[in-house]
1. Taking Glu305 as the residue in question, decide whether it is out of contact with any helix residue (DSSP H, G or I) (no Cβ under 9 Å at 6 or more places or on another chain) and either surrounded by 17 or more Cβ atoms within 10 Å (Cβ to Cβ) or not aromatic (Phe, Trp, Tyr) (or both).
2. Going by what's in this entry, would Ala217 be described as crowded, with 21+ Cβ neighbours inside 10 Å, touching a helix residue (DSSP H, G or I) at 6+ places or on another chain (Cβ under 7 Å) and among the small types (Gly, Ala, Ser)?
3. Assuming Gly230 fulfils every condition listed in (1) surrounded by 14 or more Cβ atoms within 10 Å (Cβ to Cβ); (2) over 18 Å from the mean Cα position of the chain (by Cα) apart from one, which condition is it?
4. Evaluate the following for Val276: is it closer than 26 Å to Lys192 by Cα and either touching a residue at least 60 places away in the same chain (Cβ under 8 Å) or of a type in the set (A, V, I, L, M) (or both)?
5. Taking the condition of being touching a Pro at 6+ places or on another chain (Cβ under 8 Å) and crowded, with 19+ Cβ neighbours inside 10 Å, how many residues in the stretch 91-124 meet it?
6. Collect the residues in the stretch 169-199 that are touching an Asp or Glu at 6+ places or on another chain (Cβ under 6 Å) and either surrounded by fewer than 22 Cβ atoms within 10 Å (Cβ to Cβ) or basic (Lys, Arg) (or both), keeping them in residue-number order.
7. Name the single residue, out of those in the stretch 156-168 being of a type outside the set (Lys, Arg) and touching a Leu at 6+ places or on another chain (Cβ under 9 Å), that is surrounded by the most Cβ atoms within 10 Å (Cβ to Cβ).
8. Kindly indicate whether any position in the stretch 148-155 is surrounded by fewer than 20 Cβ atoms within 10 Å (Cβ to Cβ) and farther than 29 Å from Gly317 by Cα.
Amino acid sequence: GVLARLERHGVAVDLPYFAELSRDLGGRLRQLTARIHKLAGEEFNINSPQQLKRILFEKLDISPQGIRKTEKGRTLSTAASELEKLRDEHPIIREILAYRELMKLQSTYVDALPPLVHGKTGRIHASFNQTVTATGRLSSSNPNLQNIPTAGSDYGKKVRDGFVAPRGAVLLAADYSQIELRIAAHIAREKKMIKAFKEGEDIHWRTAVEMWGEDEADARRRIAKVINFGIIYGMGPQSLAQNAEISLAEARDYIDQYFVLHPGIAAYMEEMRGRVSAEGYVETLFGRKRFFRNVHVMNPRELAEAERQAINMPIQGTQADMIKLAMVEIDRLIGERYGHEESSPVKMILQVHDELVFEVRQDLVDEVSEEVVPLMEQVVRLSVPVKVEMAVGRRWGSMKRR
């Protein structure tokens, strides 16, 4: 089937590029290490939570207020999410967070990907799994290509740039634009959102206008974006405050205001919460169900988490159904038009949540785009337009919108 072909084709990797990136990261990590040791006034092992705690909370006397204890409850946690809360307490915290991030990139991707390249094909052949996620999304493993940081982050872009098209070909990426918000508008019958999408408006700007008026809209678009995406993931005031960099009181106000302005979304969320206890399942537009078992013995925290999942699943699950249906159609088209052989000039090689990546012979880019876009956009009829954006390039991280 479709996924077997994705795995067999694999994706080409630029090994010399990764070697260079690894050297670059190594240099950056050495600089950060020196800066951290200087700020600490001594050398210590930054990767050791014990030593880190001694430096931060004893030697530098940083106040650990708001910091959670570790799972075992005996000592203060130095997890990234906890250190994030201390970001402004001392300059060393920022450096440690940057060090952690680069260390993770190096160990998880930059140094881990090259050994996975197949000796004969020069490509990485990841596994794509259909039965791992609860929402119905695909997942990938060995390596997990869906976890690579987005091209929006500096090093995420650099890691993605190690995935390339062979000579004579380019990578072509087709991406469902704001698909989960479009599905949410459709399922919740949210009039304001449906109108904005139908008129081709910038949905985040429109939300900002509704909440703060036109004069403030440009300045607050970023907060509106966090709210738009956050609400459909069941984000509470705490994480909204953190993500949008606003106070907790503001976050509470904004969420209340959002629900007043979007009664359809509020009613949808209420209905899904009710279904967890009443029916024990929720479903996608296509009728695929997610079950919630033992609801009656859940503690309040577990129940709140189940309700959050119930709100998100019909949206994320519908998106997963759509892209899988589109993949089947596109795979059929490629087979009929270009063949599925290894020598085929058109291959579908990656699926990352709402994006499909193809390897296409250079002279076929326009033709393939014109075939793929309508297939993806028309896979289901929603009450709002479904939009697919295309990007093209030699490297996955540096693709240009078409």
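The values are calculated or read from the model by the stated rules, or taken from the named source; none is laboratory data. Remember, it's a predicted structure, so these values are computed and weren't measured experimentally. Glycine also receives a Cβ, built like all others from the backbone with ideal geometry; neighbour counts cover every protein chain displayed.
1. Numbers: out of contact with any helix residue (DSSP H, G or I) (no Cβ under 9 Å at 6 or more places or on another chain): yes; either surrounded by 17 or more Cβ atoms within 10 Å (Cβ to Cβ) or not aromatic (Phe, Trp, Tyr) (or both): yes.
Against the criterion (out of contact with any helix residue (DSSP H, G or I) (no Cβ under 9 Å at 6 or more places or on another chain) and either surrounded by 17 or more Cβ atoms within 10 Å (Cβ to Cβ) or not aromatic (Phe, Trp, Tyr) (or both)), Glu305 qualifies.
2. Details: crowded, with 21+ Cβ neighbours inside 10 Å: no; touching a helix residue (DSSP H, G or I) at 6+ places or on another chain (Cβ under 7 Å): yes; among the small types (Gly, Ala, Ser): yes.
Against the criterion (crowded, with 21+ Cβ neighbours inside 10 Å, touching a helix residue (DSSP H, G or I) at 6+ places or on another chain (Cβ under 7 Å) and among the small types (Gly, Ala, Ser)), Ala217 does not qualify.
3. For Gly230, the failing item is (2).
4. Details: closer than 26 Å to Lys192 by Cα: no; either touching a residue at least 60 places away in the same chain (Cβ under 8 Å) or of a type in the set (A, V, I, L, M) (or both): yes.
Taking the combined requirement at face value, the residue does not satisfy it.
5. Within the stretch 91-124, the first condition is being touching a Pro at 6+ places or on another chain (Cβ under 8 Å), and the residues that meet it are 105, 109, 112-113, 116, 124.
Cutting the leftovers down to crowded, with 19+ Cβ neighbours inside 10 Å gives us 105, 109, 113, 124.
Qualifying residue count for the region: 4.
6. Ala169, Ala173, Asp175, Ser177 - these are the residues of the stretch 169-199 that are touching an Asp or Glu at 6+ places or on another chain (Cβ under 6 Å) and either surrounded by fewer than 22 Cβ atoms within 10 Å (Cβ to Cβ) or basic (Lys, Arg) (or both).
7. Let us first name the residues in the stretch 156-168 that are of a type outside the set (Lys, Arg), namely 156, 159, 161-166, 168.
Now narrow it down to the ones that are touching a Leu at 6+ places or on another chain (Cβ under 9 Å): 156, 159, 161-165.
Details: Gly156: 16, Val159: 23, Asp161: 20, Gly162: 26, Phe163: 24, Val164: 21, Ala165: 23.
So, considering only residues that are of a type outside the set (Lys, Arg) and touching a Leu at 6+ places or on another chain (Cβ under 9 Å), the one surrounded by the most Cβ atoms within 10 Å (Cβ to Cβ) is Gly162.
8. First, the residues of the stretch 148-155 that are surrounded by fewer than 20 Cβ atoms within 10 Å (Cβ to Cβ): 149-154.
Next, from what is left, pick out any that are farther than 29 Å from Gly317 by Cα: 154.
For the stretch 148-155, residues surrounded by fewer than 20 Cβ atoms within 10 Å (Cβ to Cβ) and farther than 29 Å from Gly317 by Cα: present.
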